[in-house]
Amino acid sequence: MNQTLAAQFLTRDQVTNFVVHEGNGVKGLSETGIKVLPDQYIQPFEERLINFHVKEDSDESIPVIDMSNLDEKSVSKAVCDAAEEWGFFQVINHGVSMEVLENMKTATHRFFGLPVEEKRKFSREKSLSTNVRFGTSFSPHAEKALEWKDYLSLFFVSEAEASQLWPDSCRSETLEYMNETKPLVKKLLRFLGENLNVTELDKTKESLFMGSTRINLNYYPICPNPELTVGVGRHSDVSSLTILLQDEIGGLHVRSLTTGRWVHVPPISGSLVINIGDAMQIMSNGRYKSVEHRVLANSSYNRISVPIFVNPKPESVIGPLLEVIENGEKPVYRDILYTDYVKHFFRKAHDGKKTIDFANI
């Protein structure tokens, strides 16, 4: 423990400079051995209150779906029911090999274990592309309280661009993981589409549902006062679907649509967590639900997670699908340029489900 380094953080500016501007992230802050959480990470009272109401052992739990079940109709029904009633579910026997998942976790630890000057090459100031970004928290310039998380965000354009711009330490594992999940993503979107009268996942619908992909490597270091902060604040994703690989530590909680309580998503070895994003809620005219979720900080372990955000193309116009409203169902959302929706999301701090109001009629 470097007490001398920990003692240097006397002001908010010194902490911000060390974490954000010098690129040490909260990982660097945690590794100084600080004993007290810096002020700018202390969440508002109502957010801290939630920390005492989330239970690891709730009697509610998100569905776990076995994708290897030979009865495809029952799998499809389970997926669509979960999308409507929970907005979240876990899948097992999903076709992505354990080796690929473990390699992805190892590569994530490898990247965050790099020297600061190596990681900083991918920061906002130094990255050669806006598609590759190493950072901390969610949106430090917009947040009143920072989140206890560092990340590497990679927007996929092509394998050629990735080979030039993505970090060597995790590139091949990340590309392999993304490629291995594609059949699963297509299957899930086919099930969800058929339930909305979309008879075929043709090129137009593929472009709309899964026209672009972003993958984040997230790192949540040991935190001195986890009850005062969050790893990630309350939000819903702006994606069509999110595919999340989490490690064995746990900490992800989702808000139950039935009771409003926060429910822990327990890590299941080899599973992937799937959740509906705002784009899919809008396109389904509210039938499928994107749900608030958050990540707790913890005082014992360093945690990682790797979400793949499957999105419409930035230039796509999203709104209730014609197949959904052609039977006379009244549209709840207006048509909106997807890139405008995403910009609105990133312009502000995490604020629960408020982003979707941007698309309300």
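Tabulated values for the structure
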quantity	calculated
Other-chain or far-sequence residues with amide H under 5 Å of L37's (modelled H)	N225
Amide H partners (placed H, <5 Å) of I65, local residues excluded	Q90, V91, I92
With DNA, RNA and ligands ignored, accessible area of L165 (1.4 Å probe; Å², nearest 10)	40
Helix-only [θ]222 nm of the chain, DSSP H runs n ≥ 4, -39500 (n - 2.57) each, per residue, nearest 500	-9000 deg cm²/dmol
Where labels lie 7 Å past Cα in the beta-carbon direction, separation of E161 and D335 in nm	2.6
J(HN,Hα) series, the range 247-257, from Karplus relation 6.51 cos²θ - 1.76 cosθ + 1.60, nearest Hz, glycine and proline x	7, 7, 6, x, x, 7, 10, 10, 8, 5, 6
List H264, H344, ordered by accessible area with a 1.4 Å probe, largest first	H344, H264
Cα-Cα over 24 Å, subset of K73/K182; K182/K289; K126/K313	K126/K313
Using a Förster distance of 25 Å, the FRET efficiency for K73-S269 (Cβ separation, nearest 0.05)	0.35
Principal axis dimensions, the chain - Cα atoms, whole angstrom, descending	67, 46, 39
With DNA, RNA and ligands ignored, accessible area of R120 (1.4 Å probe; Å², nearest 10)	60
13 Å beta-carbon shell around E248, net charge (K/R +1, D/E -1)	0
Student exercise, the chain dipole from Lys, Arg, Asp, Glu Cβ charges, in Debye to nearest 20	780
Residue of Q40, Q164, Q90 that the Gaussian network model of the chain assigns the largest fluctuation, springs spanning Cα pairs under 10 Å	Q164
D357, D59, D150, ranked by accessible area, largest first (probe 1.4 Å)	D59, D357, D150
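The values are calculated or read from the model by the stated rules, or taken from the named source; none is laboratory data. Not measured: the values here are computed from a predicted model. Note: ideal-geometry Cβ built from the backbone for every residue, glycine included; neighbour counts use all protein chains shown. Calculation scope for accessible area: heavy atoms of the full protein, side chains included, ligands and nucleic acids excluded. Shrake-Rupley method; radii C 1.70, N 1.55, O 1.52, S 1.80 Å.
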